[in-house]
Amino acid sequence: MTTIENFEFPDDLYYTKEHVWVKAEGNILTIGLSQFGQDVAGDILYVEAPREGREISKDEAFMSMESGKWVGRVKAPINGKILESNSELEWESDLVNSDPYGTGWLTKIETSDLSDLDTLMRAGSPEFTAFIAEEKKKYKK
(Lines give C-alpha, C1' and ligand atoms only; values in the text may rest on other atoms or scores of the structure.)
Protein backbone atom coordinates (compact mmCIF):
# COMPACT_ATOMS: atom_id res chain seq x y z
CA MET A 1 0.00 0.00 0.00
CA THR A 2 1.34 3.41 -0.96
CA THR A 3 0.26 6.43 1.09
CA ILE A 4 0.50 9.88 -0.49
CA GLU A 5 -0.79 12.99 1.29
CA ASN A 6 -2.85 10.80 3.69
CA PHE A 7 -4.52 8.91 0.82
CA GLU A 8 -4.02 5.19 0.32
CA PHE A 9 -3.35 3.60 -3.06
CA PRO A 10 -3.02 -0.20 -3.30
CA ASP A 11 0.19 -1.10 -5.12
CA ASP A 12 -1.38 -3.86 -7.22
CA LEU A 13 -3.72 -1.45 -9.04
CA TYR A 14 -3.34 0.80 -12.08
CA TYR A 15 -4.58 4.42 -11.99
CA THR A 16 -5.88 6.91 -14.56
CA LYS A 17 -5.58 10.69 -14.44
CA GLU A 18 -9.33 10.77 -13.75
CA HIS A 19 -8.74 8.95 -10.43
CA VAL A 20 -10.13 5.63 -11.63
CA TRP A 21 -8.36 2.50 -10.42
CA VAL A 22 -8.05 -0.74 -12.38
CA LYS A 23 -7.42 -4.21 -11.00
CA ALA A 24 -6.37 -6.77 -13.60
CA GLU A 25 -7.20 -10.45 -13.05
CA GLY A 26 -6.31 -12.12 -16.32
CA ASN A 27 -8.37 -10.38 -19.00
CA ILE A 28 -11.03 -9.25 -16.48
CA LEU A 29 -10.61 -5.73 -15.13
CA THR A 30 -12.42 -4.39 -12.09
CA ILE A 31 -12.58 -0.60 -11.94
CA GLY A 32 -13.50 1.90 -9.27
CA LEU A 33 -12.89 5.43 -8.03
CA SER A 34 -9.74 5.94 -5.95
CA GLN A 35 -9.81 7.13 -2.36
CA PHE A 36 -8.49 10.49 -3.55
CA GLY A 37 -11.12 10.67 -6.33
CA GLN A 38 -14.02 10.00 -4.01
CA ASP A 39 -12.67 12.55 -1.54
CA VAL A 40 -12.58 15.23 -4.25
CA ALA A 41 -16.07 14.29 -5.50
CA GLY A 42 -17.64 14.32 -2.04
CA ASP A 43 -20.44 12.04 -0.90
CA ILE A 44 -21.57 9.98 -3.89
CA LEU A 45 -25.37 10.19 -4.09
CA TYR A 46 -26.07 8.36 -7.35
CA VAL A 47 -24.26 5.92 -9.66
CA GLU A 48 -25.57 5.22 -13.16
CA ALA A 49 -24.47 1.68 -13.93
CA PRO A 50 -23.51 0.85 -17.51
CA ARG A 51 -25.45 -1.77 -19.45
CA GLU A 52 -23.87 -5.21 -19.24
CA GLY A 53 -22.68 -6.53 -22.60
CA ARG A 54 -21.97 -3.04 -23.93
CA GLU A 55 -18.75 -2.60 -25.89
CA ILE A 56 -16.69 0.36 -24.71
CA SER A 57 -13.62 2.16 -26.06
CA LYS A 58 -10.68 3.54 -24.11
CA ASP A 59 -11.35 7.13 -22.95
CA GLU A 60 -15.08 6.87 -23.79
CA ALA A 61 -17.45 8.11 -21.07
CA PHE A 62 -19.54 5.04 -20.27
CA MET A 63 -21.15 5.71 -16.88
CA SER A 64 -21.78 8.62 -14.52
CA MET A 65 -21.82 9.44 -10.83
CA GLU A 66 -23.28 12.34 -8.88
CA SER A 67 -22.43 13.92 -5.57
CA GLY A 68 -23.80 17.03 -3.91
CA LYS A 69 -21.20 19.16 -5.69
CA TRP A 70 -20.30 17.19 -8.81
CA VAL A 71 -21.70 15.23 -11.74
CA GLY A 72 -19.00 13.24 -13.44
CA ARG A 73 -18.67 10.89 -16.35
CA VAL A 74 -16.39 7.90 -15.86
CA LYS A 75 -14.14 7.20 -18.83
CA ALA A 76 -13.16 3.68 -19.84
CA PRO A 77 -9.51 2.98 -18.97
CA ILE A 78 -9.31 0.30 -21.67
CA ASN A 79 -11.21 -1.17 -24.64
CA GLY A 80 -13.55 -4.00 -23.77
CA LYS A 81 -17.01 -5.22 -22.91
CA ILE A 82 -18.96 -4.58 -19.70
CA LEU A 83 -19.30 -7.92 -17.91
CA GLU A 84 -20.90 -6.80 -14.69
CA SER A 85 -21.87 -3.63 -12.85
CA ASN A 86 -21.99 -3.29 -9.09
CA SER A 87 -25.76 -3.39 -8.58
CA GLU A 88 -25.32 -2.65 -4.85
CA LEU A 89 -24.42 0.94 -5.77
CA GLU A 90 -27.95 1.57 -7.03
CA TRP A 91 -29.17 1.39 -3.42
CA GLU A 92 -25.95 2.12 -1.53
CA SER A 93 -23.97 4.58 -3.62
CA ASP A 94 -22.05 5.64 -0.51
CA LEU A 95 -20.04 2.39 -0.78
CA VAL A 96 -17.88 4.31 -3.27
CA ASN A 97 -16.91 6.60 -0.38
CA SER A 98 -16.76 4.13 2.49
CA ASP A 99 -14.92 1.30 0.68
CA PRO A 100 -13.56 2.58 -2.65
CA TYR A 101 -11.18 -0.36 -3.22
CA GLY A 102 -13.57 -3.06 -1.99
CA THR A 103 -17.37 -3.15 -2.03
CA GLY A 104 -17.46 0.27 -3.77
CA TRP A 105 -16.11 -1.08 -7.08
CA LEU A 106 -17.98 0.20 -10.15
CA THR A 107 -17.85 -2.32 -12.97
CA LYS A 108 -15.99 -5.28 -14.47
CA ILE A 109 -14.70 -5.15 -18.02
CA GLU A 110 -13.51 -8.01 -20.21
CA THR A 111 -10.72 -7.11 -22.61
CA SER A 112 -8.75 -8.97 -25.24
CA ASP A 113 -5.89 -6.44 -25.20
CA LEU A 114 -4.15 -5.62 -21.94
CA SER A 115 -1.57 -3.34 -23.60
CA ASP A 116 -3.56 -0.21 -22.64
CA LEU A 117 -2.66 -0.94 -19.02
CA ASP A 118 0.88 0.16 -19.90
CA THR A 119 -0.43 3.73 -20.37
CA LEU A 120 -1.76 3.89 -16.79
CA MET A 121 0.12 4.90 -13.66
CA ARG A 122 1.26 2.72 -10.74
CA ALA A 123 1.05 3.83 -7.11
CA GLY A 124 4.73 3.52 -6.28
CA SER A 125 6.03 5.45 -9.29
CA PRO A 126 7.52 8.95 -9.04
CA GLU A 127 5.11 10.03 -11.83
CA PHE A 128 2.08 9.03 -9.75
CA THR A 129 3.40 10.64 -6.57
CA ALA A 130 3.98 13.93 -8.42
CA PHE A 131 0.54 13.69 -10.07
CA ILE A 132 -1.28 13.26 -6.74
CA ALA A 133 0.70 16.13 -5.18
CA GLU A 134 -0.38 18.42 -8.06
CA GLU A 135 -3.99 17.23 -7.85
CA LYS A 136 -3.97 17.84 -4.09
CA LYS A 137 -2.94 21.47 -4.73
CA LYS A 138 -5.58 21.86 -7.43
CA TYR A 139 -8.43 20.54 -5.26
CA LYS A 140 -7.29 21.94 -1.91
CA LYS A 141 -10.37 22.53 0.24
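Summary of values
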quantity: Residue under evaluation GLU127, criteria (1) at pLDDT 90 or above; (2) farther than 25 Å from GLY26 by Cα; (3) assigned to a loop (DSSP other than H, G, I, E, B), criterion not met; calculated: (3)
quantity: Candidate set from the stretch 73-86 (those that are over 14 Å from the mean Cα position of the chain (by Cα) and of a type outside the set (A, V, I, L, M, F, W, C)); member that is least open to solvent (accessible area, probe 1.4 Å); calculated: GLY80
quantity: LYS58, sole failed condition from (1) under 24 Å from PHE128 (Cα atoms); (2) free of Cβ contacts under 8 Å to residues at least 40 places away in the same chain; (3) of a type in the set (Lys, Arg); calculated: (2)
quantity: Every residue from the stretch 95-141 that is open to solvent by 30 Å² or more (accessible area, probe 1.4 Å) and among the β-branched types (Val, Ile, Thr); calculated: THR103, THR119, THR129
quantity: Extreme residue, modelled with the highest pLDDT, among residues of the stretch 7-34 that are under 16 Å from LYS58 (Cα atoms) and of a type in the set (D, E, K, R); calculated: LYS23
quantity: Segments classed as strands (runs of 3 or more DSSP E), wholly inside the stretch 1-99, with at least 3 members that are in contact with an Asp or Glu (Cβ under 8 Å, 6 or more places away or on another chain); calculated: 44-48, 61-67, 70-75, 80-85
quantity: Filter result for the condition that a residue is more than 22 Å from LYS137 (Cα to Cα), open to solvent by 30 Å² or more (accessible area, probe 1.4 Å) and modelled with pLDDT under 95, over LEU89, LEU45; calculated: LEU45
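The values are calculated or read from the model by the stated rules, or taken from the named source; none is laboratory data. Remember, predicted model here, so these are calculated numbers, not experimental data. Every residue, glycine as well, gets a Cβ built from its backbone with ideal geometry; the counts of neighbours run over all protein chains shown. Just the protein is used for accessible areas: all its heavy atoms, side chains included, with ligands, DNA and RNA removed. Shrake-Rupley method; radii C 1.70, N 1.55, O 1.52, S 1.80 Å.
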